[in-house]
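Q: Could you have a look at this structure, given as structure tokens, before my questions?
The values are calculated or read from the model by the stated rules, or taken from the named source; none is laboratory data. What you see is a predicted model; the values in this text were computed from it and never measured. In this analysis, Cβ positions are derived from the backbone assuming ideal geometry, glycine residues included, and neighbour counts consider all displayed protein chains.
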Ligand SMILES: NC(=O)c1ccc[n+]([C@@H]2O[C@H](COP(=O)([O-])OP(=O)(O)OC[C@H]3O[C@@H](n4cnc5c(N)ncnc54)[C@H](O)[C@@H]3O)[C@@H](O)[C@H]2O)c1
């Protein structure tokens, strides 16, 4: 599947992907690996996804345990990866946390009682974690004078979560509101991206946000009915449908693009 078009060629890239043990991180890793890149995946622990990548691409996929909220952990991953592979040229800031449907009651309760600790935890991973990865891996790229950083955001960082989508849960007696911290953390990435795009423009490190919409992952039917009814294309995304945008933002095809927000959302924010 190697691309012979130099516009989209990523075969010489050394790619760092955070949250590689998750659904989308593993999908991005596979897209790069199939096109000849070296991929260093970071996460708190390996998963079936990352084990499969390792089995399929033992020569070019490396998994490292790293916590994006810890500068020390990221600096040690950078030292190890520089010794093994060289300075990274692409960074995909994909690690994040959100409140799962099974989150404790108070975390998905009314805004007025949203716990301070949950706010701190989500902002720590999603915003500070991305900031630290940019500082540490992006800093090395800037020193080298080449790189592309992709910050993965969400439609809920551009517009508010649509609380009416969760009405079916409230109708059956649950207290459920999509919490505030995830949305705020994702919108914070938009200006982190712009700040760094300007700051590193002359050092030839491009920084862009990729804003994506919900991915199908066997959600319950009542949720799917509401979500698919709300989105113009009428369906959730497939995990692999964001890979084209990630490859585009990593390659020469987007060489004049920095500080931008590429929105791939099936039309969600067009309404
Ligand atoms: N899946 C969706 O529907 C959707 C929609 C919009 C945006 N996104 C964004 O896409 C990205 C990936 O989503 P996903 O669905 O694959 O999520 P996921 O939960 O499957 O994967 C996220 C990964 O990040 C890792 N992680 C969490 N905290 C970490 C830390 N402190 N250090 C290192 N790694 C850590 C987790 O262990 C996990 O493997 C996230 O940024 C998410 O906000 C996802």
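Q: Just checking, does the stretch 125-139 include any residue being at pLDDT below 95, within 11 Å of the ligand (Cβ to nearest atom) and surrounded by fewer than 21 Cβ atoms within 10 Å (Cβ to Cβ)?
A: no
Q: Could you go through the stretch 184-202 and let me know if any residue there is in contact (Cβ under 8 Å) with a residue 12 or more places away in the chain, surrounded by 15 or more Cβ atoms within 10 Å (Cβ to Cβ), within 12 Å of the ligand (Cβ to nearest atom) and farther than 30 Å from residue 145 by Cα.
A: No, because not a single residue in the stretch 184-202 is in contact (Cβ under 8 Å) with a residue 12 or more places away in the chain, surrounded by 15 or more Cβ atoms within 10 Å (Cβ to Cβ), within 12 Å of the ligand (Cβ to nearest atom) and farther than 30 Å from residue 145 by Cα.
Q: Out of (1) surrounded by fewer than 16 Cβ atoms within 10 Å (Cβ to Cβ); (2) within 25 Å of residue 131 (Cα to Cα), what's the single condition that is false for residue 64?
A: Failed condition: (1).
Residues checked against (1) touching a strand residue (DSSP E or B) at 6+ places or on another chain (Cβ under 6 Å); (2) within 15 Å of residue 129 (Cβ to Cβ); (3) within 15 Å of the ligand (Cβ to nearest atom):
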| position | (1), (2), (3) |
| --- | --- |
| 8 | no, no, no |
| 17 | yes, yes, yes |
| 22 | no, yes, yes |
| 28 | yes, no, yes |
| 33 | yes, no, no |
| 51 | no, no, yes |
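Q: Then there's this: Of 216, 223, which residue is modelled with pLDDT of 95 or more, within 13 Å of the ligand (Cβ to nearest atom) and surrounded by 16 or more Cβ atoms within 10 Å (Cβ to Cβ)?
A: 223
Q: Which pairs turn up if I take residues in the stretch 83-95 that are under 18 Å from residue 143 (Cα atoms) and look for partners that are in a loop (DSSP other than H, G, I, E, B) with beta carbon separation below 7 Å, at least 6 apart in sequence or on another chain?
A: 89/13; 89/146; 90/13
Q: Does residue 36 fit the bill of being touching a residue at least 40 places away in the same chain (Cβ under 8 Å) and surrounded by 15 or more Cβ atoms within 10 Å (Cβ to Cβ)?
A: Against the criterion (touching a residue at least 40 places away in the same chain (Cβ under 8 Å) and surrounded by 15 or more Cβ atoms within 10 Å (Cβ to Cβ)), residue 36 does not qualify.
Q: Regarding residue 90, is this residue farther than 22 Å from residue 32 by Cβ and modelled with pLDDT of 95 or more?
A: So residue 90 fails the test.
Q: Just for the stretch 149-164: of the residues that are away from the ligand (no atom under 13 Å from the Cβ) and not in a strand (DSSP E or B), which one is nearest to residue 103 (Cα to Cα)?
A: Checked the stretch 149-164; the qualifying residue nearest to residue 103 (Cα to Cα) is 163.
Q: May I ask you to list the residues in the stretch 85-97 that are surrounded by fewer than 16 Cβ atoms within 10 Å (Cβ to Cβ) and either under 12 Å from the mean Cα position of the chain (by Cα) or near the ligand (Cβ under 9 Å from one of its atoms) (or both)?
A: Passing the criteria: none in range.
Q: Give the residue, chosen from 115, 100, that is free of Cβ contacts under 8 Å to residues at least 24 places away in the same chain and either buried (at least 16 other Cβ atoms within 10 Å of the Cβ) or within 22 Å of the chain's Cα centre (by Cα) (or both).
A: One residue alone meets the criteria, 100.
Q: Still on this structure, I have one more. Identify all residues within the stretch 230-268 that are out of contact with any helix residue (DSSP H, G or I) (no Cβ under 6 Å at 6 or more places or on another chain), in a helix (DSSP H, G or I) and closer than 27 Å to residue 167 by Cβ; write none if there are none.
A: The one that is out of contact with any helix residue (DSSP H, G or I) (no Cβ under 6 Å at 6 or more places or on another chain), in a helix (DSSP H, G or I) and closer than 27 Å to residue 167 by Cβ: 230.
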